[in-house]
Amino acid sequence: MPVEKSTIDTIRKARGEKLKEGYITKLGGNKGGREGNWKRRYLVLEDDLAYYETKEAYEAGEPPKGKVKLDMCFCPDPELEDNDANEFTIYAIPFEFTCRCDTQADLIDWTKTLQKLSCG
C-alpha cells in the first residue's frame, strides 16, 4: 500500500510560495537575559520567515531586516489562557524567535501555519 504524502511534504514542495504574511511584534535585542526590546515588523512566511520594517518595504523589494531559517524548527501550541500578549515562540534550532500577535485569532493562525510547515 503506498504511503500518503503528508501536508508537510506538500507545503515543502511548493518552495517560494507565500504561506502567510502580516504584522507581528517580535522580541529583539538582548534575548538571553530577557531584556530585549519589542519591535513591530512585517513578516512573510515562505520557505523561511523573513521580517521587514514595514509592508511597504516588502512590497518595494527591499531586503529583509532579518530571516529565520525554518529547516529545523518547532512551534508548540500557544498558551491561550493567561496569554493577554498573544505571545508564542518559534524554536528554530539553534535560536528562539518570540513574537506577539494583535489578536488571539492571529496567534492561532500563525502557530497552526508554522506547525504545518515545520512538523510542529
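Before moving on, here are some points about what is shown:
- Residue check, residue 113 surrounded by 15 or more Cβ atoms within 10 Å (Cβ to Cβ) and in contact with a Lys or Arg (Cβ under 8 Å, 6 or more places away or on another chain): yes
- Residue match in segment 21-35 (condition: at pLDDT 90 or above and among the charged types (D, E, K, R)): yes
- Residues that are assigned to a loop (DSSP other than H, G, I, E, B), over 14 Å from residue 26 (Cα atoms) and not β-branched (Val, Ile, Thr) were ranked within segment 81-104; the one that is least open to solvent (accessible area, probe 1.4 Å) is 83.
- Boolean, residue 107 is over 15 Å from residue 68 (Cα atoms), surrounded by 19 or more Cβ atoms within 10 Å (Cβ to Cβ) and free of Cβ contacts under 8 Å to residues at least 60 places away in the same chain: yes
- Across segment 41-75, the qualifying residues are those that are of a type in the set (Gly, Ala, Ser) and assigned to a strand (DSSP E or B), and the one among them that is modelled with the highest pLDDT is 50.
The values are calculated or read from the model by the stated rules, or taken from the named source; none is laboratory data. Note that the structure is a prediction, hence the values are computed from the model and not measured. All Cβ positions, even for glycine, are placed from backbone atoms using ideal geometry, and neighbour counts span all protein chains on display. Heavy atoms of the whole protein, side chains included, go into the accessibility calculation; ligands, DNA and RNA do not. Shrake-Rupley method; radii C 1.70, N 1.55, O 1.52, S 1.80 Å.
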